[in-house]
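The values are calculated or read from the model by the stated rules, or taken from the named source; none is laboratory data. Predicted, not measured: the structure shown is a model, and the values here were computed from it. Here Cβ is always computed from backbone atoms with ideal geometry, including for glycine, and neighbour counts include all displayed protein chains. Only protein heavy atoms, including side chains, enter the accessible area calculation; ligands, DNA and RNA are left aside. Shrake-Rupley method; radii C 1.70, N 1.55, O 1.52, S 1.80 Å.
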Amino acid sequence: MRVAVVGYGTIGKRVADAVSVQDDMRLVGVFKTTPDYGATLAARKGYRLYAPDDKRESFRKAGLEVSGNLTDLISEADIVVDATPDGVGAENKGIYAKAGKPAIFQGGEEADVAETSFNALANFENAVGKKFVRVVSCNTTGISRVLSALKLGGLGIKKARIFIARRGADPREYKKGPINDVVPNPATIPSHHGPDVKTVLGDIDIITVAVAVPVTIMHMHMAYIELDDAPRREKIVDVLASTPRILLFDVKAGYNSLAQIVEWARDMGRPRGDVWEVAVFSDSITLNGRELYLMYGVHQEAIVAPENVDAIRAVGKLSDKWSSIEKTDKALGIVTHGKRYG
Ligand code: NAD
């Protein structure tokens, strides 16, 4: 599969890197609208740059070679990953459709931009052979993975209530906030995440409540999940620990906060300190009969990168669900010890 990445920001650059390390797909290039440091760094990695015709001169002045415009990039690719800002993907959809190329959109687009929304664990099969697929947002991906893990582990879910402390901005977004506040985000309940989870998990009883907090590193979810039965705590720990893309972190090992999980990823030598997995605080896993409580971190910048790779494989019918998840994880270096694939 020859892959084009349109929109090379927080998500696009991670998807480009994730695609580049897979052996069954190739990055054709990235479409950039400005010749900024992101473009310079992409060129330094050897990624071909594509830009609007009226921006070619500014790229040339910045010492950047342009391989073509958006039409050129799309025509050289078998599939497009659109990682442009919220709403721009929907505007671009017509261009991809006209070129007859399938496209993967991101969670900032409305669900109706695509034939199906996507989370690899939850509904890989729904995207097989589809033309337009939308990878759900970071928070929705985190929730979908945790709920899918429970379902795949044979645990019935009566209802889920998830309380989300959203990071106020990504680390490089110096103009965003809050810097000294906790903001209902939105003040209405449910937040959009609950309905969004239903786009991949179907008719599940879920309500989400979200606030934005003055951090940039990760989101934190506090989950209350009512199960059909009352399992032993060990069963929940086993199910979560054996599910790909979910990692457990213990207080006794020194993991007391999200900052330490970020530090773990940096010490692991991960690119950009990315945490692709849902990071569960294992000590928080608590059962009160059928009531399950847990807390976990979601690295908003990183968590959807492996999902985009799997979405490409599903659309291109390159492999089945579990082979794709395993292949993606091995190539990226996602921790797989003791994990089940299928
Ligand atoms: P971003 O602003 O970091 O990156 C978007 C990039 O697209 C920028 O480099 C921008 O210059 C470029 N761009 C703008 N208009 C363009 C156009 N017409 N053609 C090509 N490029 C264009 O945004 P992001 O955070 O990477 O978000 C991208 C998508 O991913 C959104 O749908 C967002 O909701 C979703 N998402 C974001 C996060 C996150 O935490 N950042 C997490 C999950 C999903």
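A few notes on this one:
- Computed over protein heavy atoms with a 1.4 angstrom probe, the accessible surface ordering of 32, 158, 175, largest first, is 175, 158, 32.
- Protein accessible area in the stretch 4-64, 1.4 Å probe - carbon and sulfur %: 52 percent
- Using a probe of 1.4 Å on the protein chains alone, the accessible area found for residue 166 is around 50 Å².
- Shape of the stretch 231-335, Cα gyration tensor, a/c cut at 1.5: oblate
- Across all Cα atoms of the stretch 14-81, the radius of gyration (one decimal) and Dmax (whole number) stand at 11.7, 35 Å.
- Centroid-to-centroid separation of the stretch 171-188 and the stretch 39-88 [C-alpha atoms, Å]: 31 Å
- Extension gain (nm, one decimal) between residue 101 and residue 2, 0.36 nm per residue minus Cα-Cα: 34.5 nm
- FRET E, pair residue 181, residue 291, Förster distance 22 Å, beta-carbon r, rounded to 0.05: 0.10
- Working note: Karplus 6.51/-1.76/1.60 with θ = phi - 60° gives the stretch 312-327 the couplings 4, 5, 5, 4, x, 6, 7, 6, 7, 3, 6, 5, 5, 4, 5, 4 Hz, where Gly and Pro are set to x.
- If you sort 37, 50, 293 by accessible surface, 1.4 Å probe, largest first, the order is 37, 293, 50.
- Once C-alpha pairs closer than 8 Å and six or more residues apart are averaged by separation and normalised to the residue number of the stretch 188-342, the relative contact order reads 24 percent.
- Just so you know, the Rg over Rh for the stretch 66-184 is 1.05, from Cα atoms, with Rh as the Kirkwood radius.
- Helix 10-20 axis, angle to the chain major axis (alpha carbon atoms, nearest 10°): 80 degrees
- Whole-number accessible area per residue in Å² for the stretch 125-265, which is evaluated in the context of all protein chains at 1.4 Å: 45 Å²
- Accessible area (Å², 1.4 Å probe, nearest 10) - residue 204: 10 Å²
- Helix 258-267 axis, angle to the chain major axis (alpha carbon atoms, nearest 10°): 50 degrees
- Per-residue accessible area (protein heavy atoms, 1.4 Å probe) orders 75, 144, 323, 137 as 75, 323, 137, 144, starting from the largest.
- Helical contribution to [θ] at 222 nm, DSSP H n ≥ 4, -39,500 (n - 2.57), averaged over the chain, rounded to 500: -9500 deg cm²/dmol
- Within the chain, DSSP assigns beta bridges of which about 40% are antiparallel (rounded to the nearest 5).
- Whole-percent pair-distance distribution, where bins are 5 Å wide, for the alpha carbons of the stretch 138-303: 2, 9, 18, 22, 21, 15, 9, 4, 1, 0
- Charge dipole (Cα centre; +1 on Lys/Arg Cβ, -1 on Asp/Glu Cβ; no other charges) of the chain amounts to roughly 460 debye.
- The stretch 138-303 - percent of accessible surface contributed by carbon and sulfur, probe 1.4 Å: 54 percent
- With contacts taken as Cα pairs under 8 Å at a separation of at least 6 residues, the chain carries a relative contact order of 17 percent.
- Between the residues 305, 293, 66, the greatest Cα displacement towards the positive end of the dipole of the chain, with unit charges on the Cβ of Lys, Arg, Asp and Glu, is found for 66.
- Normalised by residue count, the chain yields a Cα convex hull volume of 132 Å³ per residue.
- Options 247, 279, 192, ranked by Cα towards positive dipole end of the stretch 138-303, top entry (Cβ charges): 192
- DSSP beta bridges fully contained in the stretch 138-303 are about 65 percent antiparallel.
- Net charge in the neighbourhood of residue 243 (other residues with Cβ under 14 Å of its Cβ; Lys, Arg +1, Asp, Glu -1) is +3.
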